[in-house]
Amino acid sequence: MSDAVGSDAEIAAAYSVRAEEYVRVLGDIEQLDAADRATIGAWRDSTTGTLLDAGSGPGIWTRFLGEGGDGHPRDAWGLDVTEAFVASARARFPDTTFAVGSFRDIPAADASLGGILAWYSLIHTPPVEVPAVLAEFARALRPGGSLLIGYFDGPAREPFAHQIAMAYFWSADTLGEMLADVGFTVASAERRDRFPGEASTRSHGALTAVRRRG
């Protein structure tokens, strides 16, 4: 893939420049919204098997997934294209596994994962390339495995000027159609407006989908 707008190379370069700032502002679980913690925690506890945090950034959610909700650690690992994020995550969470790489080509065997979290990690992917990423998620997930996507809710595929790199709005309906095309069944969707003090002012969306059997 070329170094075009929205490529892994461009995204990694953009986040590398501000990685330290990003970790400082959003590098601790307590800095993240309680509603997001509740959504991701409930999803985590509904899954079995190995969990992947696809686009793990500073690694907070990866660590959260690995903690488990009942006091029993889970097998969870993070994958990110930004080497600075992975280095920081490894230093701060040495008991959690992180790898440098792309969720366009997940280093996992077919049907080997129980769940994939893509929490605001698809926002910079050019819309024309998102179906291929979703198909890669489907490949790596076992039948019955679960996918949780977090995104900025708005007119689907419409770009906006994110502070790091160009990003795109999505909607549950549009994502649901693309997910159905690659073997998923949508299980739930949520939308909420933001409140003062949150990291973003844009409306939030989250969608859970299950890899179909057969």
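Throughout, read-outs are computed from the coordinates displayed, never taken from laboratory work. Only a predicted model underlies this, so the values are computations on that prediction, with no experimental measurement involved. Here Cβ is always computed from backbone atoms with ideal geometry, including for glycine, and neighbour counts include all displayed protein chains.
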*Which shape class applies to the stretch 16-140: rounded if a/c is under 1.5, otherwise prolate when a/b exceeds b/c and oblate if not, where a ≥ b ≥ c are the square roots of the Cα gyration tensor eigenvalues?*
rounded
*Taking the DSSP beta bridges in the chain as the whole, what percent of them are antiparallel, to the nearest 5?*
50
*asked:* Quick test of the membrane-span-like rule: which DSSP H helices of the chain reach at least 30 Å along their long axis (C-alpha atoms) with mean Kyte hydropathy at least 1.0?
replied: none
*Would you look at the GNM of the chain, springs on alpha carbons closer than 10 Å, and say which of V128, V81, V17 moves the most?*
V128
*Where does the charge balance sit around G144 when Lys and Arg score +1, Asp and Glu -1, over other residues with C-beta under 11 Å from its C-beta?*
+4
*Sum -39500 (n - 2.57) across every DSSP H segment of at least 4 residues in the chain, then divide by the residue count to get the 222 nm mean residue ellipticity, nearest 500.*
-9500 deg cm²/dmol
*Charges only on Cβ, +1 for Lys and Arg, -1 for Asp and Glu: so what's the dipole of the chain about the Cα centre, in debye to the nearest 20?*
360
*Please go through the stretch 77-136 and write out the trypsin sites (Lys or Arg not before Pro) that DSSP classes as loop and that have at most 12 other C-beta atoms within 10 Å.*
none
